[in-house]
Amino acid sequence: MPHLFSPPPSPTSLPAWSRLTVLAQAGLPHLAQLLSEPALRPAPVSAEGTGLTLDFSRQAIDGSVLDALLALATQANIDGQREAMFSGQVINTTEQRAVLHVALRGTPGATGDAAPWGGAVQQRVQAELDRVCAFTQAVHSGQLRGSGGDTFTDVVNIGIGGSDLGPRMAAEALAHLTHPSPGAPAVRVHFVSNPDAWALHSVLRGLDARRTLVVIASKTFTTQETMTNAASARRWLADAGLSDAEQGAHLVAITAAPTKSQAMGIGPQQTFTFWDWVGGRYSVWSALGLPLALAVGAPAFRQFLAGGQTMDAHFRSAPLPANLPVLMALLGIWNRNFLGCPTQLLSTYPSRLARFTPFVQQMDMESNGKRVRHTGEPCLAETGPIVWGGTGIDGQHAYFQLLHQGIHRVPVDFVGVLSEDTPDLPLATEHHRVVNLNLRAQAEALARGRDTAATLAALRADGLSEDEAQAMAPHRSFAGNVPNSILWLDALTPARLGALVALYEHKVFTQAAIWGINAYDQWGVELGKTMAKAMETQTG
């Protein structure tokens, strides 16, 4: 891989940063005013691509702020840094690695040497993808069976972090595709990450060992949590009467260290590999997506990859003012660095996206939770926000109270789906209407709020006396002015989910590129592992 990457300058040294600082100090009108006076707003206030639409009309920006943010992206050389990643330059400077999760999904229309990362990488990726899909089809067709000749009905994926969050999130998001092949036996996919004994027991207790495939997913094949669960799963197979030799048909390894998995007795035909340029939190596109493929079928898994490809193409070709990942990154930087908002809420309204927030939480916070730049110097700007949240409807009846009337200003990304695909439920359309009505209402209420005058008028209209209205008004007024965006998917399909995941990956990359930090190492995670091993040695 070429070693040509040049870290960007500190963002605080850029003219656009100074301009944004001045604009933030000058202040902007309340969002209620900005929404009521279109002349104050940038035009347009939405962007679309790959079946996704970003409505950022409720962000606390005007045309001057947006212009300065776009200038910041240009001055930070986002275009050049983006191409450094796509071309395989060593942008993970502390580990001297390229960052090529984008290669795992390929480039539309590009094969072999036409791919920006070159033919050698492309061929390895394609070969492993073909193996994953062939294995999936063999399980679904019943061609691949357990040691006693039984077809597999259940798959247990044992992994943690990126070996769990991505495949688990995507499998739940695409749960309507869990019967991938007409006439094929349904394969139920289960996930275990926590080494707490109950987590594994609660999955295994209802399964037939002779009809179960256990997938052990670990980059190093030494991860303590995963290896603890794997040992117990093997004991479970043994207790069901499966000898070590018979267990080989029931075990699959996904790892960057195949010699270690083979030492455990997992043969090369059931060992899938990925590479050191694939970070765990960016690995759902790799062989670590095998449990997803087993859950939804090989064709749907390929569609998921294709959706990621379309977002890659959009990110590389769309002008900055219409570039979805760039816009989301810039809005996040404005909120984090200039409006002083240390957290970012991600609120998904489709129930099938319930695990999308913890997935993005790992991607963002493990990537951009850094305090030093590529150069080793301290960051002069605040970096990654605290990402939190969950499903929006549930949040409305819990922490949204704090959003509306607490002392914290919390920017929100709302995620919704415009179409409904729930089968066999006559009132599904009505359910969908209620969900999206709530999404739109919360976005509007958080932005506009309700001042004292409007609250008094509402209380009087409800029949309260003047004294009662005056007493209640402080409790029933809402400051509003909470910046938020709505990200709409036209449908929750494999391709759209792939585009959504890639969108957030590129948003994280863009913010890291502006801050000048390395988004692709995770030494804080490594420290905890090292300490656990040291403590185990001391107490052993």
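The values are calculated or read from the model by the stated rules, or taken from the named source; none is laboratory data. In this text, all values refer to a predicted model and were calculated from it rather than measured experimentally. Cβ coordinates were reconstructed from backbone atoms using ideal geometry, including for glycine residues, and neighbour counts include every protein chain displayed. Surface accessibility is based on the protein's heavy atoms, side chains included, excluding ligands, DNA and RNA. Shrake-Rupley method; radii C 1.70, N 1.55, O 1.52, S 1.80 Å.
Odds and ends about this structure:
- Of residues in the range 442-471 being open to solvent by 80 Å² or more (accessible area, probe 1.4 Å) and not in a helix (DSSP H, G or I), the one nearest to Arg409 (Cα to Cα): Asp451
- Single residue of Leu492, Leu497 found to be in a helix (DSSP H, G or I), at pLDDT 95 or above and surrounded by 13 or more Cβ atoms within 10 Å (Cβ to Cβ): Leu497
- Of the residues screened, Thr222 is not one that is touching a helix residue (DSSP H, G or I) at 6+ places or on another chain (Cβ under 8 Å) and open to solvent by less than 30 Å² (accessible area, probe 1.4 Å).
- From Ala138, Ala231, Ala184, residue being modelled with pLDDT under 95 and open to solvent by 10 Å² or more (accessible area, probe 1.4 Å): Ala184
- Considering residues of the range 361-383 that are surrounded by 20 or more Cβ atoms within 10 Å (Cβ to Cβ) and among the hydroxyl-bearing types (Ser, Thr, Tyr) only, the residue nearest to Glu526 (Cα to Cα): Ser367
- Scan of the range 294-307 for residues that are farther than 17 Å from His101 by Cβ and touching a Ser or Thr at 6+ places or on another chain (Cβ under 8 Å), ordered by number: Leu294, Ala295, Val296, Gly297, Ala298, Gln303
Residue by residue, here is whether (1) over 21 Å from the mean Cα position of the chain (by Cα); (2) among the hydrophobic types (A, V, I, L, M, F, W, C); (3) over 21 Å from Gly416 (Cβ atoms) holds:
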position	(1), (2), (3)
His314	no, no, no
Phe359	no, yes, no
Arg373	yes, no, yes
Gly376	yes, no, yes
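- Search result, residues across the range 239-257 that are free of Cβ contacts under 8 Å to residues at least 24 places away in the same chain and either surrounded by 14 or more Cβ atoms within 10 Å (Cβ to Cβ) or under 15 Å from Asn157 (Cβ atoms) (or both): none
- Matching residues, the range 21-43, being under 14 Å from Leu331 (Cβ atoms) and not in a helix (DSSP H, G or I): Leu28, Arg41, Pro42
- Condition check for Gln126: in contact with a helix residue (DSSP H, G or I) (Cβ under 7 Å, 6 or more places away or on another chain) and open to solvent by 60 Å² or more (accessible area, probe 1.4 Å): no
- Qualifying positions in the range 80-96 - surrounded by 20 or more Cβ atoms within 10 Å (Cβ to Cβ) and acidic (Asp, Glu): none
- Filter result for Arg105 (of a type in the set (Lys, Arg) and open to solvent by less than 20 Å² (accessible area, probe 1.4 Å)): yes
- Residues located in the range 384-414, provided they are open to solvent by 20 Å² or more (accessible area, probe 1.4 Å) and in a helix (DSSP H, G or I): Ile393, Asp394, Gln396, Gln401, Leu402, His404, Gln405
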